[in-house]
Amino acid sequence: MISYPDYLRLLPKAELHCHLIAMMRPDMLLAFADRNDVALPSRDIDALIDSDNLQDFLALFVTANDVLRTQDDFAEVAYEGVKDAVRAGNLRYREYYVNSQNSSAYLSYPDFMDGIIAGLRRAEDEFGVGFRIVNAINRSLSPEAAVEMVREMIRHPRAEVVGIGQDHLTADGGEDPALWVDAYRLAAEHGLKRTAHVAETMPAEPDSVRVALDHLGVDRIDHGYRAVDDPDVLAYLVASGTHVACTPISTQVLSGWAPSPDHRIATLIREGVPVSFSTDDAVFFRTDLGREYVDGLIGMGFGPEVAKQISLAGIDGAWCDEATKARLRADFRAQHLVLDALLDTEVSSGEH
């Protein structure tokens, strides 16, 4: 027999919201800084990593980007990040958010992507973890820069690079999804998938979810939690059937929303929104994929049936081909059967 926390860690998982740069372990960050002669604000890992608001976290995000300068650097981070996630949470498929704009001073777009792909291919060969890549708009730059980023993707297509997303904040510290309409329109015209970071923290507007759906034409929403605070927006999101990639632990770090039955993610689940769990920025939020399920689902009061639902929802919301999805679903369902048989039902009493 296994406990419910062990069951949650061992569930097969598809992660749809993972920033590759934040898979870099602290020891690697220091080593890359030394290797590439990059001065860090501090050599104290706690001082570097600890942040309790989005602005401080993004400063760390910029620092981490700066220590990676070569294809081999990115390949190493990509490979090691997969290995860590398999160990911590039985990762079987993942979609990575990367930012070619942040590395353009050191690597061309093709070299940047090919380094990441090489590391992820090596991990796929060794651990069987499939992947796709999403290039993220740096929202602190201009809308014109976002359009140029999409043009670069179009000029240098890679089968593994399937869509665009977002990171950073706008120059005034907001989201403002309407700024990126031209970039999203161009991406749509060339068959790229689209997602957007919206309605993430309390300063964000719930209506950003509607703007992302109507004006950016997104296929998926990242975060989206503030939709819960506006009944009309929540109803619109539910009716759209749009998948929401949620990151429970980051909401606790950045917004103080500890997992509980009244957490905004719990409301999305109860309202029938298709939801998956991801780490967002694993190392920087001191989390892993197993912890997202254990702390998130137990704290929100959900039992094994919802856990399996979220496990499979990660496949449904993924941007891989249908044949890959079918293989993943069959594998996940088989693993679910095994884990159900092993679960100590006296410890796990269904919905907690």
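Looking at (1) assigned to a loop (DSSP other than H, G, I, E, B); (2) under 18 Å from the mean Cα position of the chain (by Cα); (3) farther than 18 Å from Ile49 by Cβ, which is the one condition that is false for Leu268?
(1)
Does the stretch 143-184 hold any residues that are more than 27 Å from Pro203 (Cβ to Cβ) and of a type outside the set (A, V, I, L, M), and which are they?
Hits for the stretch 143-184 are Glu148, Arg151, Glu152, Arg155, His156, Pro157, Arg158, Glu160.
So that you can scan it fast, the table gives a plain yes or no per residue for (1) of a type outside the set (Gly, Ala, Ser); (2) in contact with a Phe, Trp or Tyr (Cβ under 9 Å, 6 or more places away or on another chain); (3) surrounded by fewer than 24 Cβ atoms within 10 Å (Cβ to Cβ):
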{"position": "Ile2", "(1), (2), (3)": "yes, no, yes"}
{"position": "Leu10", "(1), (2), (3)": "yes, no, yes"}
{"position": "Ala47", "(1), (2), (3)": "no, no, yes"}
{"position": "Asp73", "(1), (2), (3)": "yes, yes, yes"}
{"position": "Ala78", "(1), (2), (3)": "no, yes, no"}
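Note down all Cβ pairs under 8 Å where the first residue falls in the stretch 133-152 and is within 13 Å of Ser100 (Cα to Cα) and touching a residue at least 60 places away in the same chain (Cβ under 8 Å), the second is basic (Lys, Arg) and in a helix (DSSP H, G or I), and they're at least six residues apart or on different chains.
none
Every residue in the stretch 330-352 that is surrounded by 15 or more Cβ atoms within 10 Å (Cβ to Cβ) and either at pLDDT 95 or above or out of contact with any Phe, Trp or Tyr (no Cβ under 8 Å at 6 or more places or on another chain) (or both), please.
Asp331, Phe332, Gln335, His336, Leu339, Leu343
Of the residues Val198, Val238, Val218, Val228, which single one is in contact with an Asp or Glu (Cβ under 9 Å, 6 or more places away or on another chain), aliphatic (A, V, I, L, M) and crowded, with 24+ Cβ neighbours inside 10 Å?
Val198
Which one of Ala196, Ala282 is under 18 Å from Trp180 (Cβ atoms), outside any helix (DSSP H, G or I) and touching a Leu at 6+ places or on another chain (Cβ under 8 Å)? Before you say what the answer is, go through the steps one by one.
Working: Ala282 fails: under 18 Å from Trp180 (Cβ atoms).
Step by step, each of Ala196, Ala282 is checked, and only Ala196 is under 18 Å from Trp180 (Cβ atoms), outside any helix (DSSP H, G or I) and touching a Leu at 6+ places or on another chain (Cβ under 8 Å).
Pick from the stretch 114-136 the residues that are in a strand (DSSP E or B) and out of contact with any His (no Cβ under 8 Å at 6 or more places or on another chain): which of them is surrounded by the fewest Cβ atoms within 10 Å (Cβ to Cβ)?
Checked the stretch 114-136; the qualifying residue surrounded by the fewest Cβ atoms within 10 Å (Cβ to Cβ) is Gly130.
The values are calculated or read from the model by the stated rules, or taken from the named source; none is laboratory data. Note that the coordinates shown come from a computational prediction; the quantities given were computed from them, not determined experimentally. Using ideal geometry, Cβ is built from the backbone for each residue, glycine included, and neighbour counts are taken over all protein chains shown.
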